[in-house]
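To keep things clear, I will list the structure first and then write my remarks on it.
The values are calculated or read from the model by the stated rules, or taken from the named source; none is laboratory data. What you are looking at is a predicted structure, and each value in this text was computed from that prediction instead of being measured. Glycine also receives a Cβ, built like all others from the backbone with ideal geometry; neighbour counts cover every protein chain displayed.
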Amino acid sequence: MTERKHILLADDEPGFRFSAGLALRIAGYRVSEAQDGLDALDGLVRFKDEGTPVDLLVTDLRMPNLDGAELVDALKRHEVPVPVFVVSGCLDPEALRELSLFGCVEYMEKPFQPSELVHRIDNVFNVKVA
C-alpha cells in the first residue's frame, strides 16, 4: 500500500477486535478500536476533529450503548462521513438495506477468518493484491 489507511474496529467482542486488529495491522493498516457504538462515535468524532479521520468503520450490528445502525445514524447527525463495513453474526436483510442508505459499502457474516476480512477490506480500498 502506498498510504496507510485508518480503520476503526467497533465490536463488543475483545477476541474479535484482537484477531481482526492484528491481521489488519500486519497487512499495513492503521487500526483503532472501540468496544461499543458510543466509544466508536466518540473516536470517529475525535479523529475527525484532530485531522486524522478514519477511512473505514468496521462495525458489528449488535453492540451495547449504540448498535451498528444507531451508530451510522449518529455519524450522519454529527457530519462524520465514513464508509461502513458491517460484520455481524446476525445479518438482518432489512437492517442491511437501511445501512446501505447510510454508506454501508460491504458486509460479512461472522464467523470468518481474519485473512478473509483483510482481503475484503483490501477490495474496498481497491488495493492490488499479488
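Selection of first residues in the range 118-130 that are within 13 Å of ILE26 (Cα to Cα) and surrounded by 10 or more Cβ atoms within 10 Å (Cβ to Cβ) and of second residues that are modelled with pLDDT of 55 or more and aromatic (Phe, Trp, Tyr), restricted to Cβ pairs under 6 Å at least 6 apart or on distinct chains, gives an empty result. Within the range 69-89, residues that are within 20 Å of THR52 (Cβ to Cβ) sit with their Cβ atoms under 6 Å from residues that are buried (at least 19 other Cβ atoms within 10 Å of the Cβ) and at pLDDT below 90, at 6+ positions apart or across chains, in these pairs: VAL84/VAL72; VAL84/CYS104. Working only within the range 26-37, note down all residues that are of a type outside the set (A, V, I, L, M, F, W, C) and closer than 14 Å to ASP122 by Cβ. Of everything in the range 26-37, those that are of a type outside the set (A, V, I, L, M, F, W, C) and closer than 14 Å to ASP122 by Cβ turn out to be GLY28, TYR29. Once the range 1-30 is narrowed to residues that are part of a loop (DSSP other than H, G, I, E, B), touching a residue at least 40 places away in the same chain (Cβ under 8 Å) and more than 14 Å from the chain's Cα centre (by Cα), the residue that is surrounded by the most Cβ atoms within 10 Å (Cβ to Cβ) is ALA27.
Only one of the numbered conditions (1) in contact with a Pro (Cβ under 9 Å, 6 or more places away or on another chain); (2) farther than 23 Å from GLN113 by Cα; (3) of a type outside the set (Ser, Thr, Tyr); (4) surrounded by 15 or more Cβ atoms within 10 Å (Cβ to Cβ) is violated by PRO81, and that is (4). Within the range 49-71, is there a residue that is at pLDDT below 90, β-branched (Val, Ile, Thr) and more than 20 Å from GLU3 (Cα to Cα)? Scanning the range 49-71, I find no residue that is at pLDDT below 90, β-branched (Val, Ile, Thr) and more than 20 Å from GLU3 (Cα to Cα), so the answer is no. Scanning the range 47-80 for residues that are more than 17 Å from TYR29 (Cα to Cα) and of a type in the set (Val, Ile, Thr) turns up VAL72, VAL80.
For the range 10-52, a residue qualifies if it is among the aromatic types (Phe, Trp, Tyr) and either touching a Pro at 6+ places or on another chain (Cβ under 7 Å) or farther than 18 Å from PRO64 by Cβ (or both), and the qualifying residues are PHE18, TYR29, PHE47.
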